[in-house]
Amino acid sequence: MGEELKEWIKVVVSAAVLALVITQFVVPTSVSGSSMEPAFSDRDYLLVSKQAYVSAKQPQRGDVVVFQTHLKDEEGQEKKLIKRVVALPGEIVSIENGKVYINGEELQETYTADGVTDGITYPVKVPEGCYFCLGDNRLNSKDSRDLSVGFVSEDQIVGKVFFRLYPFHEIGWIGREDG
């Protein structure tokens, strides 16, 4: 009986250590709402890499990130949002006639829901250490266009979405363009 107990203890300790290691590198999250359609839908279950932007690595245009906001959910807790990085630190971003422009050049976006970005954003420079992030469903997204979200600072970013677990028929790795 002593050997069997030792084996059980090994299994439990190994599982606890593995769980601890995984939670240091990966955060599970679920999508709430339609702001990232068509790439992600309500209740999609995703994995986020907490280590994606360490060692001087920075978010790149097209990355899908999860970040902390001061917006409140129904329980009064601060919400995390999932959005796509559109403009990088130091870049000039503007939105006019339904199109996004970075440094005066129209941004070619194949991932948006309908190819239209509503609203007008006069040319603004993205501050150092910050990013301009938009949902893919631009007609139904609270994102950097909204003053309650604004620019997303590096320290707000939880990590980069890298894998979809659910729905099962869409399970797989997430790239920059396919979200």
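The values are calculated or read from the model by the stated rules, or taken from the named source; none is laboratory data. Because the structure is predicted, anything quoted here is derived from the model rather than measured. As a convention, Cβ positions derive from the backbone with ideal geometry for all residues, glycine included, and neighbour counts pool all protein chains shown. What goes into the accessible areas is simple: the full protein's heavy atoms, side chains included, and nothing from ligands, DNA or RNA. Shrake-Rupley method; radii C 1.70, N 1.55, O 1.52, S 1.80 Å.
Of all the options A39, A87, A19, the one that moves most in a Gaussian network model of the chain with Cα springs shorter than 10 angstrom is A19.
Maximal additional length on extending the K10-T69 stretch stands at 17.2 nm, based on 0.36 nm per residue less the C-alpha distance. In this structure, I22 and V116 have a Cβ-Cβ separation that, at R0 = 30 Å, corresponds to a calculated FRET efficiency of about 0.15. The modelled label-to-label distance for the pair K57/L139, using points 7 Å beyond Cα in the direction of Cβ, is 3.6 nm.
Each of (1) 1.08; (2) 0.99; (3) 1.06 is a candidate for Rg/Rh (Cα atoms, Kirkwood Rh); the one calculated from this structure is (1). For the peptides 133-142, 8-17, 113-122, residues were scored by their other Cβ atoms within 10 Å and the scores averaged per peptide; the highest-first order is 133-142, 113-122, 8-17.
With the full set of protein chains in place, find how many percent of the accessible area of the chain is carbon and sulfur; take the probe as 1.4 Å. The computed percentage sits at 57. A simple charge model with +1 on the Cβ of Lys and Arg, -1 on the Cβ of Asp and Glu and nothing else charged puts the dipole of segment 1-89 at about 480 debye relative to its Cα centre.
For the chain, the tally of Lys pairs with Cα-Cα distances below 15 Å comes to 10, considering only residues 8 or more apart or on different chains. Tell me which of F162, Y122, V17 sits at the most positive position along the dipole axis of the chain, charges placed on C-beta atoms (Lys, Arg +1; Asp, Glu -1). Farthest along the dipole direction, towards plus: V17. For the chain, leaving out every one of the GluC sites (Glu not before Pro) that falls in a DSSP loop and has at most 16 other Cβ atoms within 10 Å, the longest unbroken run is 1-73. Each part gets one Cα centre, and for segment 104-177 versus segment 1-74 those centres are 19 Å apart. When the trypsin sites (Lys or Arg not before Pro) in segment 18-106 are filtered for DSSP coil states and for at most 11 other beta-carbon atoms within 10 Å of their beta-carbon, the remaining sites are R43, K57.
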